[in-house]
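To start, the structure under review is shown below, and the notes come after it.
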4 protein chains.
Amino acid sequence: MKILVTGFDPFGGEKVNPAYEAVKLLPNKIAGGDIIKIEIPTVFSKSTIAVEEAINKYEPDVVLSVGQAGGRSNITVEKVAINLAEARIPDNDGEQPMDEKLQQDGETAYFATIPVKAMVKNIRKHGIPANISYTAGTYVCNSIMYNTLYMTHKKYPNIRVGFIHVPFSIEQAVGKPDGTACMSVETIAKALEFAVEAIIVNKEEAKEVMGTIM
Amino acid sequence: MKILVTGFDPFGGEKVNPAYEAVKLLPNKIAGGDIIKIEIPTVFSKSTIAVEEAINKYEPDVVLSVGQAGGRSNITVEKVAINLAEARIPDNDGEQPMDEKLQQDGETAYFATIPVKAMVKNIRKHGIPANISYTAGTYVCNSIMYNTLYMTHKKYPNIRVGFIHVPFSIEQAVGKPDGTACMSVETIAKALEFAVEAIIVNKEEAKEVMGTIM
Amino acid sequence: MKILVTGFDPFGGEKVNPAYEAVKLLPNKIAGGDIIKIEIPTVFSKSTIAVEEAINKYEPDVVLSVGQAGGRSNITVEKVAINLAEARIPDNDGEQPMDEKLQQDGETAYFATIPVKAMVKNIRKHGIPANISYTAGTYVCNSIMYNTLYMTHKKYPNIRVGFIHVPFSIEQAVGKPDGTACMSVETIAKALEFAVEAIIVNKEEAKEVMGTIM
Amino acid sequence: MKILVTGFDPFGGEKVNPAYEAVKLLPNKIAGGDIIKIEIPTVFSKSTIAVEEAINKYEPDVVLSVGQAGGRSNITVEKVAINLAEARIPDNDGEQPMDEKLQQDGETAYFATIPVKAMVKNIRKHGIPANISYTAGTYVCNSIMYNTLYMTHKKYPNIRVGFIHVPFSIEQAVGKPDGTACMSVETIAKALEFAVEAIIVNKEEAKEVMGTIM
């Protein structure tokens with residue numbers, strides 16, 4: 001099995017992006033699967049192009065994208081991506097879509113096609129805090145998850161797709177208010193490894209209640 | 001114009017639900033529109049039945065449901081409901097769906113059909129903290145929003161639908177850890193009134209960036 | 001009774017400080033007491049000088065200082081100030097003390113000498129979220145509370161002293177992540193008014209459990 | 001050097017206390033120092049007695065107490081303990097002090113006498129999120145820190161004293177709302193080990209700005 005793992009470059013004034021820093025630390029083999037790692041730009045349009053080029057070049061079985069969710073304390077495996085681009089700040093190319101559909105003929109949303117609960121469960125089993133998230137936001141992270149799901153639904157039906165949000169790294173948190181949630185890049189990399197392992201070894205989704213109670 | 005506003009009964013060990021407490025305080029007329037208020041049970045199946053009965057009885061132009069989101073500090077107008085029921089605790093009838101579709105033939109998600117940004121803007125203009133939310137969770141709140149959007153898409157295409165989550169009331173927060181976010185029921189009721197006003201007077205959505213930057 | 005109420009000027013890149021914006025809105029009379037309002041600089045050394053000058057000029061019975069606590073959702077009445085200056089960012093004059101005592105011969109901490117619980121209770125009674133806080137931080141807010149308590153203990157034993165932290169204003173939150181806690185300046189001003197009212201009318205502290213459970 | 005490390009038993013409806021679970025995992029030797037581990041009851045009066053008995057029995061050079069701070073995402077090394085008992089819920093013996101001094105002739109507060117910044121720095125260096133905290137609350141955690149500092153100031157001037165708050169364990173967070181901050185007991189134990197190491201090897205406090213900016 002071949003897993004393409006993508007990580008964004010830094011944005012929003014940060015000097016690093018813990019997503020790609022952690023992706024770089026992944027081994028080249030996990031549970032018998034081959035890991036291909038690429039950095040993609042935090043740009044609405046270009047990130048999608050970069051992922052499709054990598055799909056054509058590497059023909060992966062799974063595309064797992066990884067991004068930073070500053071303020072979250074846990075690793076979060078995203079369940080759903082929505083057909084909406086709404087950017088509170090410009091992306092790294094100055095694009096700032098407002099209330100735009102990502103794809104005119106796309107569905108309102110797509111669910112991840114990787115086993116999110118099994119991934120959360122495996123990360124937790126190894127002592128790293130993790131949970132499912134039901135919103136990937138409306139910025140470039142949601143965009144890459146949505147667009148990759150859209151293109152696989154249209155053109156590459158055998159490729160499975162998902163997204164993981166990671167906390168600030170410890171270094172990023174140091175300059176921020178006391179108590180800002182963070183995680184070491186090494187721990188994030190371990191979590192990604194356990195997530196990928198769960199994708200490879202799980203035939204089906206884990207049976208475990210993980211929902212919210214709003 | 002006729003607006004049906006629903007509020008849930010208490011759940012999860014709470015003695016009141018600030019949602020229906022606030023709904024009760026709404027005036028019977030807002031900006032020329034008639035306000036119909038009903039309490040609905042915090043039960044996956046029954047809440048949907050109660051809303052459809054009220055739709056048939058009152059023939060409203062808009063259905064606005066309101067629920068409690070303990071822990072949030074602001075009024076949040078929900079943008080999207082997803083086709084998923086996942087209950088961390090049983091509902092008030094003991095139902096506890098896990099990883100179930102709400103509707104076999106429903107879309108993965110529906111966007112709210114009321115002007116969420118205009119509502120947020122009008123609430124803020126009157127001095128009450130508000131923002132858009134991109135997840136209504138996976139419990140009964142998301143369920144009623146999804147199911148009402150589903151049934152209007154299928155059967156009542158002229159009815160517009162949305163959902164508002166409200167913080168704990170001040171009384172609820174008193175027994176919880178210091179600093180627990182809360183809002184007075186009177187302030188919540190005012191926020192709902194401004195939200196309804198925006199639905200009635202706005203021909204179109206507000207133009208204002210409100211997105212996230214994950 | 002004469003109440004001196006101080007509010008800081010903006011700092012940390014913010015354009016306004018909701019503290020002084022709210023102080024300005026206070027009426028000149030509350031519950032029969034005279035309200036004197038001054039803006040003080042967000043500078044460790046100068047703020048203390050400004051408060052002592054105002055004490056000498058106005059001879060107040062109470063000094064209540066007000067500052068911004070970005071990120072908190074409730075009005076917080078501070079219980080304690082500590083003999084420590086530790087500045088994560090420089091103040092408005094470039095001073096950035098690290099691990100310094102505020103007063104060489106001061107106590108490790110002083111408790112507020114105003115009725116904090118009665119104030120919290122009165123604010124809540126009027127529908128505004130409030131709680132006691134047990135840390136005023138280590139920046140200029142803690143510094144002015146500590147230094148004013150120090151000087152009243154040493155030189156002005158009849159003057160009572162306290163501090164209130166207030167959330168971001170709604171305008172400040174708009175450019176920040178969705179869900180950032182905030183409160184309208186008008187609501188903050190109302191809370192300050194109820195707090196002052198409680199100081200004036202309460203002979204003794206309220207009897208009500210408000211503690212934490214860490 | 002001899003280090004007495006205490007951990008509380010479970011309270012507030014929890015089945016475990018991650019504090020003592022982690023303390024149990026500590027090695028018996030850290031950086032040449034001997035580690036003595038005891039469990040103490042979450043009871044205002046008895047916990048202090050238990051610590052003093054252990055001081056007399058083991059004659060430690062350092063007393064480091066550890067407690068649970070549900071909701072915090074990082075390991076927090078406490079800087080200050082205050083002379084106040086205020087219990088939002090009864091302790092494990094039904095004691096529920098309200099607005100009481102812990103010691104009639106005690107100071108308003110004591111600072112920790114261990115190198116808090118050096119401890120935070122060493123924990124972070126090993127990839128675990130940590131920061132200083134300026135409030136240990138008003139419950140049994142603050143009480144044991146305050147009372148141990150009080151008794152060492154009065155009777156055992158050569159013993160250094162401090163307190164560390166730890167997040168919920170991953171197991172505790174599973175039944176709580178999605179995204180509840182937590183940390184594995186193994187990671188917490190590692191953090192405690194690095195904290196103790198810093199106490200043993202550091203002649204003086206680290207020079208590094210860590211303050212808040214309220």
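The values are calculated or read from the model by the stated rules, or taken from the named source; none is laboratory data. Model, not experiment: these values are computed from the prediction. When we count neighbours, we look across all protein chains shown, and the Cβ atoms used for this are built from the backbone with ideal geometry, even at glycine. For the accessible areas, the whole protein counts, side chains as well, though only heavy atoms, and no ligand, DNA or RNA atoms are used. Shrake-Rupley method; radii C 1.70, N 1.55, O 1.52, S 1.80 Å.
Just to confirm the numbers: residue B:9, label point 7 angstrom along the Cα-Cβ line, distances to the other copies in nm, shortest first?
Relative to the other copies, residue B:9 has label-point distances of 4.0, 5.8, 5.9 nm.
What are the membrane-span-like helices in chain A by this rule: whole DSSP H runs, Cα extent along the axis at least 18 Å, mean Kyte-Doolittle hydropathy at least -0.5?
Details: long enough: A:44-58 (22 Å, -0.15); A:140-154 (20 Å, -0.01); A:185-201 (24 Å, 1.46).
For chain A, where a helix must reach 18 Å along its axis and average at least -0.5, the hits are A:44-58, A:140-154, A:185-201.
For the stretch B:25-117, what is the relative contact order in percent, using Cα pairs closer than 8 Å and at least 6 residues apart in sequence?
Reported as a whole number, the value is 25 percent.
For a test of the definition: using alpha carbon positions, the gyration tensor, and the 1.5 limit on a/c, classify the protein assembly as shown as rounded, prolate or oblate.
Oblate.
Would you mind calculating the gained length between residue C:155 and residue C:1 on full extension (0.36 nm times residue separation, minus the Cα-Cα distance), in nm to one decimal? Numbers along the way, then the final one.
Values: separation 154, 0.36 × 154 = 55.44 nm, distance 1.92 nm.
Stretched fully, the residue C:155-residue C:1 segment lengthens by 53.5 nm.
Where only protein heavy atoms count, and the probe is 1.4 Å, what is the accessible area per residue for chain B in Å²?
I get 36 Å² per residue for this part.
Does the stretch C:93-214 classify as rounded, prolate or oblate by the C-alpha gyration tensor (a ≥ b ≥ c root eigenvalues; a/c under 1.5 gives rounded; else a/b over b/c gives prolate, otherwise oblate)?
Note, shape of the stretch C:93-214 comes out oblate.
I need the Debye-formula profile for the stretch B:60-116: one equal scatterer per C-alpha, no solvent, reported as log10 I(q)/I(0) at q = 0.22 1/Å, two decimals.
Result of the Debye calculation: -1.17.
Mean separation of Cα pairs under 8 Å and 6+ residues apart, divided by the residue count of chain A: what relative contact order is that in percent? Before the final figure, lay out the partial values.
Values: 443 pairs, mean separation 61.0, N = 214.
After rounding, I find 28 percent.
With the alpha-carbon atoms as the only input, what is the per residue convex hull volume for chain D in Å³?
Cα convex hull per residue, to the nearest whole number: 124 Å³.
Go ahead and estimate [θ] at 222 nm for chain A from helices alone: -39,500 (n - 2.57) per DSSP H run with n ≥ 4, summed, over the residue count, rounded to 500.
-10000 deg cm²/dmol
Suppose we consider the axis relating copy D to copy A; can you name the residue of D with the nearest Cβ and state that distance in angstrom as an integer?
D:73, 2
For chain D, give the share of DSSP beta bridges that are antiparallel, in percent and rounded to the nearest 5; count only bridges with both residues there.
Working: 8 of 33 bridges.
Antiparallel bridges: around 25 percent, rounded to the nearest 5.
Tell me, how many Å apart are the Cα centres for the stretch B:137-154 and for the stretch B:9-56?
A separation of 14 Å, based on Cα centres.
Could you please put B:91, C:99, C:105 in sequence from largest to smallest accessible area, using a 1.4 Å probe?
The most accessible residue leads, giving C:105, C:99, B:91.
Taking the label point 7 Å from Cα in the Cβ direction, how far apart in nm is residue A:24 from each other copy of itself, listed shortest first?
In ascending order, 4.1, 4.8, 5.9 nm.
Could you work out how far apart the two model spin labels at residue C:96 and residue B:176 are, taking each label as a point 7 Å from the Cα in the direction of the beta carbon, and quote it in nm?
In this crude label model, residue C:96 to residue B:176 measures out at 3.7 nm.
Run the label-point distances for residue A:71 please: 7 Å along Cα to Cβ, every other copy, nanometres, shortest first.
So the distances to the same position in the other copies read 1.2, 1.4, 1.8 nm.
Sort out for me the Cα centre separation of the stretch B:98-113 from the stretch D:159-200, rounded to whole Å.
The stretch B:98-113 and the stretch D:159-200 have Cα centres spaced 39 Å from each other.
For the pair residue A:29 and residue C:103, how long in nm is the line joining their label points, each one 7 Å along Cα→Cβ?
Between residue A:29 and residue C:103, the simple spin-label model gives 6.9 nm.
Please return the longest stretch of chain A lacking exposed loop sites, where trypsin sites (Lys or Arg not before Pro) count only if DSSP places them in a loop and at most 16 other Cβ atoms lie within 10 Å.
With trypsin sites (Lys or Arg not before Pro) excluded where exposed in loops, chain A gives A:16-100 as its longest stretch.
Between B:142, B:56, B:131, where does the largest GNM mean-square fluctuation fall for chain B, given springs only between Cα atoms within less than 10 Å?
Among B:142, B:56, B:131, the largest mean-square fluctuation in the Gaussian network model of chain B belongs to B:56.
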